[in-house]
1. Where the centroid of each part is defined by its Cα atoms, how far is the range 40-88 from the range 300-328 in Å?
2. Sorted by accessible area with a 1.4 angstrom probe, largest first, how do Met94, Met420 fall?
3. In the range 293-308, which residues have a backbone nitrogen under 18 Å from the label point lying 7 Å from Ile3's Cα in the Cα-to-Cβ direction?
4. Take every Cα-Cα pair in the range 1-159 and report what % of them are more than 27 Å apart.
5. Can you give me the convex hull volume of the Cα atoms of the range 236-352, divided per residue and expressed in Å³?
6. Relative contact order of the range 129-180, please, whole-number percent, based on alpha carbon pairs below 8 angstrom and at least 6 residues apart.
7. Using a Gaussian network model on the chain with a 10 Å cutoff between Cα atoms, which of Lys237, Lys80, Lys180 fluctuates the most?
8. Membrane-span-like helices in the chain: DSSP H runs reaching 20 Å or more (Cα, own axis), mean Kyte hydropathy at least -1.0?
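The values are calculated or read from the model by the stated rules, or taken from the named source; none is laboratory data. Bear in mind that the values here come from a model prediction, so they are computed numbers and not experimental data. Note: ideal-geometry Cβ built from the backbone for every residue, glycine included; neighbour counts use all protein chains shown. Surface areas here come from the heavy atoms of the whole protein model, side chains and all, with no ligands, DNA or RNA. Shrake-Rupley method; radii C 1.70, N 1.55, O 1.52, S 1.80 Å.
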Amino acid sequence: MKIKKEEFSWALYDWANSAFSTTIIAGFFPFFFKEFWNIGVADDVITLRLAIANSIAGLFIALLAPFLGAWADLSFGKKKFLTGFAFAGIFGSMALAFLDSGSWQWASFWYIIASLGFFGGNIFYDSFLPVIAKRENLDRASNLGYALGYLGGGLLLAANVLWATYPDKFGFSSAQSAVKGSFLSVGIWWALFSIPLLIFVKDKKQSSKQKPENYVERVTILQIFRELKKTVKDIMKTRTVLYFLIAYWLYIDGVHTIIRMAVIYGSSINLHTQDLITALIVTQFVGFPASLAYIKLSKYIGVKKSILAGISVYIFICIWGATIDSSAEFFVLAGIVGLVQGGVQALSRSYYTRIIPIEKAAEFFGFYNMLGKFAVIIGPMLMALTGYFAIRFLGDPELGTRISIVSITVLFLAGGLLLMKLPDPDQEMEK
């Protein structure tokens, strides 16, 4: 089936902003924060500073997401909000390129601004899904977005790694200047490939309810809170939406925990930084065709069973991951993660889109993204406590650490079992 221009333009935004999540969040920022902006500082202090920066950005978005979604729906201004957050992310990413050594305060500030732009923009990006795709094309559009995100983010990251590895061959004076150039390239990439969405994707028409262009300024705080109160009541009384959000929070916490803990675990088996970044690139490039393949899988067995299949693979990843002890096995594991990561996230988004009211998509996705940001709360704590008690009971630190990884299966099992009780969204659902 032919992909519409509006649908492809929307999906291309994932190609655009995924550069931030690969090159900056997962790639160079943590290492550059330590080696350049915090040079000579103790490791525990650096870890604390980075954790604070991530927590501030995550907490702001988690708390503001429902509020921003309600505001956007009331004002019919999803595109304005998306544009504003995108350019905040673009400007924050580029600003990192102009900071001097030791400037950890400014690095933290601009990283927070860029993160707010990235995660905040995704609230409104997600809410456009029911606008640009018909019900029968939701899985295709959602997976296309994730697939292009993996490919675009992976391509730029691969280029940036080459710049940093061979700076003289690409016109840079040093590896440090190459990394700074990478931060600049993220902003340019993000801005350039956002243009199709800004031109071709339109807010849903509201016919007689269409508000004037400046209505966004006239929405009151009281209106927003009234709308949020009504939406919370709608979620609480609609069993399918409520139970799906709980299930999603559980299994996506497991997904995010694996993403966040992969580098730490790789370090524990003595992998070099270059190996860790290579593993990330492997995940990106495997994720591109795998996300597209999930479109076919969802048509063949349904969206719910496809998500459950991905959850099952994650359970295997947790169990096998506890036994690996070589770089080769770590790369294979990264490839397996790439097989299911995008599919689970994309189909979760399209499942949710099917069960929410289109006219309140931004607001409902505000709650969806809030849970996404509050994820990675249970997982790390579960790992920490399991490891702590396993080490003290068994007296073997390495074995205790490996057992702690297996504990994440609890999240996937709980989320998967709850999801199994929900109806398939392509069948008749309760109103």
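1. Cα centres, the range 40-88 to the range 300-328: 30 Å.
2. Met420, Met94
3. Counting backbone N atoms under 18 Å from the label point, the list is 293-299.
4. Details: 3810 of 12561 pairs.
Value for the range 1-159 (Cα pairs over 27 Å): 30 percent.
5. Dividing the Cα hull volume of the range 236-352 by its residues yields 95 Å³.
6. Values: 26 pairs, mean separation 10.7, N = 52.
Reported relative contact order: 20 percent.
7. Answer for the Gaussian network model of the chain: Lys237.
8. Working: long enough: 5-19 (22 Å, -0.71); 43-75 (46 Å, 1.30); 78-95 (26 Å, 0.69); 104-127 (34 Å, 0.53); 138-165 (40 Å, 0.77); 175-192 (25 Å, 0.91); 221-237 (24 Å, -0.08); 239-268 (43 Å, 0.97); 273-301 (40 Å, 0.90); 303-321 (27 Å, 1.55); 327-354 (41 Å, 0.60); 378-394 (23 Å, 1.44).
Answer set is 5-19, 43-75, 78-95, 104-127, 138-165, 175-192, 221-237, 239-268, 273-301, 303-321, 327-354, 378-394.
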